[in-house]
1. Which one of the conditions (1) part of a helix (DSSP H, G or I); (2) more than 13 Å from chain B (Cβ to nearest Cβ); (3) within 19 Å of residue A:315 (Cβ to Cβ) does residue A:164 fail to meet, given that it meets all the rest?
2. Would you tally the residues in the range B:299-329 being modelled with pLDDT under 95 and among the hydroxyl-bearing types (Ser, Thr, Tyr)?
3. Tell me yes or no: at least one residue of the range A:372-382 is at pLDDT 95 or above, surrounded by fewer than 24 Cβ atoms within 10 Å (Cβ to Cβ), aromatic (Phe, Trp, Tyr) and outside any loop (DSSP other than H, G, I, E, B).
4. Would you point out the residue of the range B:256-290, among those that are among the aliphatic types (A, V, I, L, M) and exposed (fewer than 15 other Cβ atoms within 10 Å of the Cβ), that is farthest from residue B:244 (Cα to Cα)?
5. Looking at B:52, B:30, which is the one that is on the phi > 0 side of the Ramachandran plot and surrounded by fewer than 19 Cβ atoms within 10 Å (Cβ to Cβ)?
6. Criterion first (over 25 Å from residue B:24 (Cβ atoms), modelled with pLDDT of 95 or more and under 14 Å from the mean Cα position of the chain (by Cα)) does residue B:227 satisfy it?
7. Quick one: how many residues across the range B:294-317 are within 10 Å of chain A (Cβ to nearest Cβ), more than 21 Å from the chain's Cα centre (by Cα) and not charged (D, E, K, R)?
Amino acid sequence: MSILEQAKQAAQGAAQSVIQKAVELAPESWLPGGKPDPLIHQKHGLIGKPVSRIDGPLKVQGKATFAAEFPMDGLLYASVAFSTVPKGRIASLDTSAAEAAPGVVLVMTYRNAPRMKPMPVFMSNAKAAGGDNLPVMQDDRIHWNGQPVALVLAETQEQADHAKSLIRVTYEAEPATTRFVEAKAQNTQPGLFMGQPMKQEIGDAEAALAAAPVKVDVTYTTPRHNHNAIEPHAATIVWQGDELLVHDASQAVTHTAWSLSEVFGIEESQVHVTSPYVGGGFGSKSLWQHQVLGAAAAKLTGRPVRIALSREGVYRMTGGRTLTEQRMAIGAAQDGRFEAIIHTGTVAMTHHNAMPEPFILPTRSAYAARTFKLDVEVTYLDMIANTFMRAPGESVGTFALESAVDEVAVALGMDPVALRMVNEPSEDPTEKKPFSSRNIVEAYRTGAERFGWTKRNPVPGSVRDGEWQVGMGVATSTYPYHRMPGGAARLTLTRDGRMKVEIAAHEMGMGTSTAQTQVTADRFGLQLDQVDFAYGDSFLPGQVLAGGSQQTASIGASVVAAQHAMVAELLKLAGNDSPLAGLRADEVGGMEGGLAKLDEPGRHETYASILSRAQRDEVAVVGSAPPPLETMHWSMHSWGAMFCEVRVNSVTGEVRVSRFLGSFDCGRILNAKTASSQFRGGIIMGLGMALMEETQFDERNGRIMNPSLAEYHVPVHLDVPEIDVMWTDIADPHAPMGARGIGEIGITGVGAAVANAIYNATGKRIRDLPITLDKLM
Amino acid sequence: MIPFTYARAANTADAVVHGSAAGAKYLGGGTNLVDLMREGIEHPAGLVDVSGLSRDITETDNGGVLIGAGVKNTALAENRLVRTRFPVLSRAIVAGASGQIRNMATVGGNILQRTRCTYFYDDTGSRCNKREPGQGCDAIDGFNRIHAILGASPSCVATHPSDMCVALAALDAVVHLEGAGGKTRRLPFTDLHLLPEGRPDVETVLEPGELITAVELPAQPMAARSTYRKVRDRSSYAFALVSVAASLEMDGATIGDVRLALGGVAHKPWRAWKAEEVLRSKAATQATFQAAAEAELADAVPLKDNGFKIELAKRTIIAVLGELSGVSA
């Protein structure tokens, strides 16, 4: 028995699956009028159980093969030299010493790199995955400080790194725009997110604000951030004739394969991208120049190449979250009702990408208000392309929105939870659509009770413990439900009664493979150890980005579609000699390793029996998920209430978060254990954002000065208190499995919950992240 | 990494012979030097491994402690004599780095560790007078939150990052050295490190090849009442923005004697002589503590990002003195 199977069996025992009746097939579309996924009502199966990650034993034994660990004969190791100016031309490039260094096989620069097209930049096409659309080592132009200018291939990593240090480059620098304030003064343009304008006005918000008896009109700022996945970006790359094989660390295998085929002018089918394990992505593990350069160098040498970025390399070559400057204004009536919500501001972006950090997104749906004014303006800097980072928009947007709501509560003398309840909308306030499921009031009620919110002293600075001032804060967290087009899955049933699911999805440590194994087992009436979930391979069906917290829904809808095809095929094979004879697909469901009539479970035949009688070794079908029309009919969002207790040292300004509770409303939770980890991980990342994370971008020359985990601070264990998480578990009737996806919501609202708690502790309102001690002295 | 030779020293004399060769560097635990070699900042021609030498902690005749330069940081922090007679030193050590690093790092290496200025580390993209004398300093107008407020120069505003050394500065430690030809000398610890002035690349008064063999802590009875307080940007694994090491002897309500040193504020562990002068024989009051802190920071010069350190240093000094004297605000 393999380690994986042993783990599954152990998990199986722990989960105690008891399937008592057949589970009918889920709907083929998620349109209005359709029935909800019957799995929502499956309360005694595997769904929801705290099943341990089935890939856990492999990982703790070091047997999971990550991108930089694929063995290959004749492997060469890459090292990359980066530019030190933000803009200009390479004036001189001396690679002679590097070429003469021991073990060096190739030094690649713009002079000898193969001709390639730029990467299709993300969102320019449904399958585009590129972080930027600049020429990749094709000319002498420099576009950002840190751009790759040379790549060395050598027999060992050490030889490559040493040879790289011998490369001498000089630049003809040109005037660059690297200062945000100056760029903003020169030019801003309305930002387009996913091709859609973010500018929106409902009523005359400025007039309503001016007339409102209570108002807050302030500016919040958030700095640049970098992702810092524990696994730095890496790829092992080989050309097999005209076919390119890339073992990548990816959250977009299909997109990467297509995009690389565009870069090299070959067919999509000639590029094979695998990514079985990923050590964290958070939005950064897409296609950046390193995979392109690695493939180009592999082509030139005819040998396989490993390009594993150093931590510094990650900062120089892959983008992070951009800075934001947000005007947040709320006008309220004396009873607390919002008359006006204004959320506008400016973010920095580049001319070579299209990611205007959409900080207004949470404000679209969070509160009822009579008038709205929303806008994200973009200004352009000469810097590395910024990109998606966990809850892009919502993470930094909720800092402004939820801090401002707290400020309004203070101005009104109202409890901040009560103020939020007063402004609870009956429908989506800007999209004017009904909510698919919104139980934020429940999340607040249960969260407040568990956290002990009523014990909070509303007078700032009134609770003290020696040198420490103690305070509590609260904030709403929110993230939308997404299901992107293109989901598809292949199901293969074998005569031993096992089901294999194959889909080009991703496991970055979130627990995808475990949760989807549970779902599939319940859907088909199988045991956990009878399901194999295969993913992380661009040759598998589907185009499933691990982004936007959408994998769960996308995979779920794809498997549902494939199940319909599979059941139809099985009923055909079952024929007239089966207890299932004459039944239609909508009359049967999965139960006890086979199919059964829904209202007459005695009419049952196992999958093994059906295949055996039909003398088939296996049955394989592919199903494609329907278009995500549900999001056109409903406003679909997850919600949460974040409660935080902080201690602020009155001598030094040091902040310690002493308690945290996240109370979530995310639809049905598929795996209590992996979900808890997702929530907690998001909250920890939020604590980092609140208190310490900041990419030091030197505005004099656009250089990132802290490209290291020593100087870019993320929380250490001692910074993280016990984090309590809970959820409503109220299924969303319009989502597959009733589940809305939970990967990103955990980081949202945390910044404001911390800032609001600090205000309660000290009476100091900090509107500029991170909240370092100097701001509290 | 540039090729280099490696030799494990058999004894101190052997070490000094190897260490006097051109381009040679002594290797302790390697927790800083090897990092800097990998980053391309240090490129010694040869490493002389002295981590196996002088690993004893012994009590001296007069009640002090002699610490071999090869003693691991963890061993020193755990030592019973140190914990009872010089608690400030134990506390300073465990306030620094991580358990893993402290298990490797030696006393000698800790003393000679180099600054964490990010411009010093950026050998390809930034100017640094410490790395390349005369090149210029990009930190002075750059990110300088962690930089010096005392004793800096137009050439360099870097700080010394050690916690342990702040305690040694407060404890009147004496450094034992051995140089070429077996020449030995002793030096007050506070005279070992230099301020940057025009040559920030020269960080100590050590002569070429001279090796730190031991650190001696003379008896200091009042050090039994000593502590270390470190203020930083996260709970652990961060360098001090400001730290204070202090020993205090009370004579009734009067300060009998005091030792005070600051970390995170200067190019060297900063002995607070001026503050001590103000404190000695004065009534232990908040006003006295305040006057001492003001005196020590009177010459402080803020940079763009680190002005808060002046107030932070004062507050931390006052809080530590309050804690040790029992006279709180």
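1. For residue A:164, the failing item is (2).
2. 1
3. For the range A:372-382, residues at pLDDT 95 or above, surrounded by fewer than 24 Cβ atoms within 10 Å (Cβ to Cβ), aromatic (Phe, Trp, Tyr) and outside any loop (DSSP other than H, G, I, E, B): present.
4. From the range B:256-290, those among the aliphatic types (A, V, I, L, M) are B:258, B:260-262, B:265-266, B:272, B:275, B:278-279, B:283-284, B:287; that's our starting set.
The next check asks that each one be exposed (fewer than 15 other Cβ atoms within 10 Å of the Cβ); those that pass are B:283, B:287.
On the way: B:283: 21, B:287: 18 Å.
Looking at the filtered set, the residue picked out is B:283.
5. Just a single option satisfies the conditions, and that option is B:30.
6. Numbers: over 25 Å from residue B:24 (Cβ atoms): yes; modelled with pLDDT of 95 or more: yes; under 14 Å from the mean Cα position of the chain (by Cα): no.
Here the answer is no, as residue B:227 does not meet what is asked.
7. 2
The rows are residues; the columns are (1) surrounded by fewer than 23 Cβ atoms within 10 Å (Cβ to Cβ); (2) closer than 25 Å to residue A:726 by Cβ; (3) in the same structural domain as residue A:586 (by TED's automatic domain parsing); (4) more than 21 Å from the chain's Cα centre (by Cα).
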{"site": "A:456", "(1), (2), (3), (4)": "yes, yes, no, yes"}
{"site": "A:509", "(1), (2), (3), (4)": "yes, yes, yes, no"}
{"site": "A:531", "(1), (2), (3), (4)": "no, no, yes, yes"}
{"site": "A:542", "(1), (2), (3), (4)": "no, no, yes, no"}
{"site": "A:563", "(1), (2), (3), (4)": "no, no, yes, yes"}
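The values are calculated or read from the model by the stated rules, or taken from the named source; none is laboratory data. These numbers were taken from a predicted model, which means no experiment stands behind them. All Cβ positions, glycine included, derive from the backbone under ideal geometry; neighbour counts span all protein chains shown.
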